[in-house]
Amino acid sequence: MGRGNRRKNQRIIRGGGIFLFLGFLFWLIPVIELDVPYSKVLLDREGRLLSAVISADEQWRFPPTKERYEKFEAAILRMEDKRFYSHIGVDPIALGRAIWLNIRHGRIKSGASTITMQVVRISQKNPPRTLWEKCKEMFLALRLESAQSKEEILNRYIHNAPFGGNTVGIEAATWRYFGRSPSDLSWAEAAMLAVLPNNPSAIHISRNRDQLRQKRDRLLKTLHNSGHFSASDLELALLEPLPGPPKALPRNTPHLLDRMRAEEGRTVTTIDLALQRQVHQRILQHHERLSGNQIHNIAAIVIDVESGEVLSYFGNIPASNNTQHSNHVDIIRAPRSTGSILKPLLYAAMLETGELLPREIVPDIPTSIGGFSPKNYDRTFVGALPASEALARSRNVPAVWMLRKYGVERFYGRLKNWGMSTLSRPYSEYGLALILGGSEGSLWELSTIYRNLAWSLNHATHPQDKMTTVHWKQGHADVSENDTFDPAAAWFTMEALLEVYRPREHQNWRFFQNSRKVAWKTGTSYGFRDAWAIGMTPDTVIGVWVGNASGEGRADLTGQKAAAPILFDLFGLVPGSEWFNKPMEGISVVEICPHSGMLASINCPDAELAEIPLRGSESLPCHYCQRFHCNSGCTHRLHAQCASIDQMQMQKRFVLSPSMEYYYTRKHSHYRKLPPWNDNCMETESDNKPMSVIFPRNNADIYLPVEIDGDLGKIVFQATHRSLKKTIHWHLNDEYMGSTTRMHQLALSPKSGPHRLTLVDEDGNIIVRRFQIQTKEQ
């Protein structure tokens, strides 16, 4: 081999080595990445935009998706890089043309940037346009093309291209300029958007609009000539006007969006956009009415019972220029005083254990327990009423009696197990006030618990089914560890809540064939600060809270007047459903006393069949009914020591205690009291006493305030007697205080320390009550 050939081979080898080395270096160069912050975007269950928040660098830049937008892609390729799919990142034809034009005009006339090169430039934060930067762009564009597909590069461009102002990317641009998704663009809209990235600082919809329209129209004609649409379509497209000023992005779920503000990216929720908008509109209509009474905040949530999916999330009235009413607060998650909203849960818990029957009467009389004296909303007492009716009428005193029987600690534990995390203090600090709003709960957790109640009843025939948690993100329905409810107890609870008195405009719902059944309950906190309403059907649970986030109370801020009308308006937005199916198991048919609602005893004058929860069949029989002997007309009672057997007849009668009887007779004229004793008969010690003390209870601690003049205040002591004609004589520490007839009330001012109150009627019946007086000085 000659010397010339050897040198030639050496040059080839060296050239090949250099080429390989450069190739090695080429592959070592990292592929450019777009390290930019994105807006937080919330989508509804169908992928439609709910809300978005601007990115950390103050740009409207939506996170990229893999969705293709054919019209815009065709327009942007024709406008920016018509040989995009044929070049390798650098377009030699465009490059040669740019060099010729620039030399000819003596200045930069064309940059010959391909879409790939523009992606590189965006990733480099748009550096100054120099020859070195242009060479760098071309080199990195070649590297990018070697690593990614054309579709991936085009996708990166259209989601990061500038569209004027702080609008970046096709999706943000279409929402800002047209108020809809890129997939819904017309050809004229797609062409206008394709013009903007070419020079967004000079041509924008707010300036140089004539130039913008001319460029758009030229591009439309080019697209038509390329066969993308017909001549008639072109004619219509040219007639389309340019959009107006940029639009505000949708804020359908602003409070839900704020919860996710720290996170980037897209979140697909379970929200139904159409329902969300309807809920928004209805609540704003009610807000206009309520704001006249200085009630400024409303929250509502709609939950699908079966899936646990949140269909609508309205955290608060949207903020406006006037933000003094804490509109930014997400009330759905905020702890608020519960009012009476926990009463159905206690009712269900007691039915489940058999400690209460649906129609069992519960006391509704003045009560004082350890200084706690609950009052009914209407400040009246009815003596006794069925537990189901007490729940439907939301009577406070019976609810306290029920909680005392069930136990505060037990109920506190059940609430925790049901998912009420807002109980942050020991149960002893809540006490019996727990059932009347002494605790705080959130609309989210309380609505969740009521959804679980409905779900448990729906799955009565499949108790092995696992209940999913309530959730607002798609794909985040973990299995719940919370307690479910006994289906039978849930059924009787729903039946009781069906009888809750509806707002005025819905009072006659039973008379309309298309009216839906809704089990629902209201709640009103102390001082009229919080109004609640939660309703259930087999398909849907809706929770509503109304009030002031500041805690300011207002007249008429009650669950019935403020929250209930909104609740039933929102139920009108969701599909109707049949009523719950009664469980096939867990319900027993027994004989009950129709007067007391308890299991019939041998002393009950009559009995009837009724359905009760199975565990209730183990409860105690009726103790309100008594057997007694009386004369032939049953005008007086007799016993064997004062009358012969042939003069007596045996009777069975429903008899309440004197304190219950005193109030019960005011509403129940048919109630028959025990007849008085015959003058020749003495009442035995074992007989039911005709006299009862309503206040104070035995061994009570009573706080006596000091009046403004320095004297001790007075306490009104109260008693009752079966006979309105009887006189009661009052003694305090064996000192006579006075006598009363018919209305047995006496106002006294005992000094600090222990006391003994003695009551004696004219027949010699005696009742003694001991109590302790405490004053501020102690």
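So here's what we get for this one:
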{"read-out": "Three-way shape label, the range 371-452, alpha-carbon gyration tensor, a/c 1.5", "value": "prolate"}
{"read-out": "Cα→Cβ-extended label distance, 7 Å offset, between N698 and S230, nm", "value": "9.7"}
{"read-out": "Accessible area per residue, Å², the chain with all protein chains present, probe 1.4 Å", "value": "48"}
{"read-out": "Added length on full extension, which subtracts the Cα-Cα distance from 0.36 nm per residue, H731 to V268", "value": "159.3 nm"}
{"read-out": "Members of K517/K667; K561/K667; K667/K725; K667/K689; K375/K582 lying beyond 24 Å, as alpha-carbon distances in this model show", "value": "K517/K667; K561/K667; K375/K582"}
{"read-out": "With all protein chains modelled, accessible area of I93 [1.4 Å, Å²]", "value": "110"}
{"read-out": "C-alpha long axis of helix 92-105 to longest principal axis of the chain, angle in °", "value": "70"}
{"read-out": "For the range 558-714, diffusion coefficient by Stokes-Einstein and Kirkwood Rh (Cα), 10 °C, 1.306 mPa s, µm²/s", "value": "75"}
{"read-out": "Inter-site label distance for V36 and R277 at 7 Å from Cα along Cβ, in nm", "value": "2.9"}
{"read-out": "Cross-link reach list, aspartates and glutamates versus K221, counting only Cα pairs under 13 Å and skipping chain neighbours closer than eight places", "value": "D233, E235"}
{"read-out": "Helix axis angle, 443-458 relative to the chain longest principal axis, alpha carbon, degrees", "value": "80"}
{"read-out": "Tensor-based shape of the range 578-667 (alpha-carbon gyration tensor, a/c under 1.5 rounded, otherwise prolate or oblate)", "value": "prolate"}
{"read-out": "Signed unit charges on C-beta, dipole axis of the chain, positive-most listed residue H721, V768, S428", "value": "S428"}
{"read-out": "Members of K150/K473; K40/K82; K215/K247 lying beyond 31 Å, as alpha-carbon distances in this model show", "value": "K150/K473; K40/K82"}
{"read-out": "Cα shape, the range 435-497, gyration tensor, a/c 1.5 rule", "value": "oblate"}
{"read-out": "Fraction of beta bridges assigned by DSSP in the chain that are antiparallel (%, nearest 5)", "value": "85"}
{"read-out": "Charge dipole (the chain, unit charges on Cβ, about Cα centre) - positive-most of N252, G89, H476", "value": "G89"}
{"read-out": "Descending semi-axes in Å of the chain, equivalent ellipsoid built from Cα gyration tensor", "value": "82, 26, 24"}
{"read-out": "With all protein chains modelled, accessible area of T540 [1.4 Å, Å²]", "value": "10"}
{"read-out": "Ratio Rg/Rh, restricted to the range 205-327 and using Cα atoms, in which Rh is the Kirkwood radius", "value": "1.17"}
{"read-out": "Cα centroid separation, the range 353-385 to the range 553-605 (Å)", "value": "18"}
{"read-out": "Separation of the D478 and R68 label points, Cα + 7 Å toward Cβ, nm", "value": "3.9"}
{"read-out": "Eligible aspartates and glutamates near K673 by straight Cα distance, threshold 13 Å, same-chain separation 8 or greater", "value": "E661"}
{"read-out": "Estimated FRET transfer efficiency when R0 is 51 angstrom, pair K125-Q285 (beta carbons, to 0.05)", "value": "0.60"}
{"read-out": "Listed peptides 259-269, 561-571 by packing density, highest first (mean Cβ within 10 Å)", "value": "561-571, 259-269"}
{"read-out": "Cα centroid separation - the range 249-319 against the range 436-460, whole Å", "value": "19"}
{"read-out": "Those aspartates and glutamates that a straight Cα-Cα span of less than 12 Å connects to K134, excepting residues fewer than 8 apart in one chain", "value": "none"}
{"read-out": "Estimated FRET transfer efficiency (E552, E591; beta-carbon r; R0 51 Å; 0.05)", "value": "0.45"}
{"read-out": "Residue-span extension gain [K714 to N293] - 0.36 nm each, minus C-alpha spacing", "value": "147.9 nm"}
{"read-out": "For I728, net neighbour charge (Lys/Arg +1, Asp/Glu -1) across residues whose Cβ lies under 9 Å away", "value": "-1"}
{"read-out": "Helix 658-667 axis, angle to the chain major axis (alpha carbon atoms, nearest 10°)", "value": "70"}
{"read-out": "Percent accessible area from carbon and sulfur atoms, the chain, protein chains only, probe 1.4 Å", "value": "51"}
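The values are calculated or read from the model by the stated rules, or taken from the named source; none is laboratory data. Fair warning: this is a prediction, and the values are worked out from it, not measured in the lab. As a convention, Cβ positions derive from the backbone with ideal geometry for all residues, glycine included, and neighbour counts pool all protein chains shown. Please note that ligands, DNA and RNA were not included when accessible areas were found on the heavy atoms of the full protein model with its side chains. Shrake-Rupley method; radii C 1.70, N 1.55, O 1.52, S 1.80 Å.
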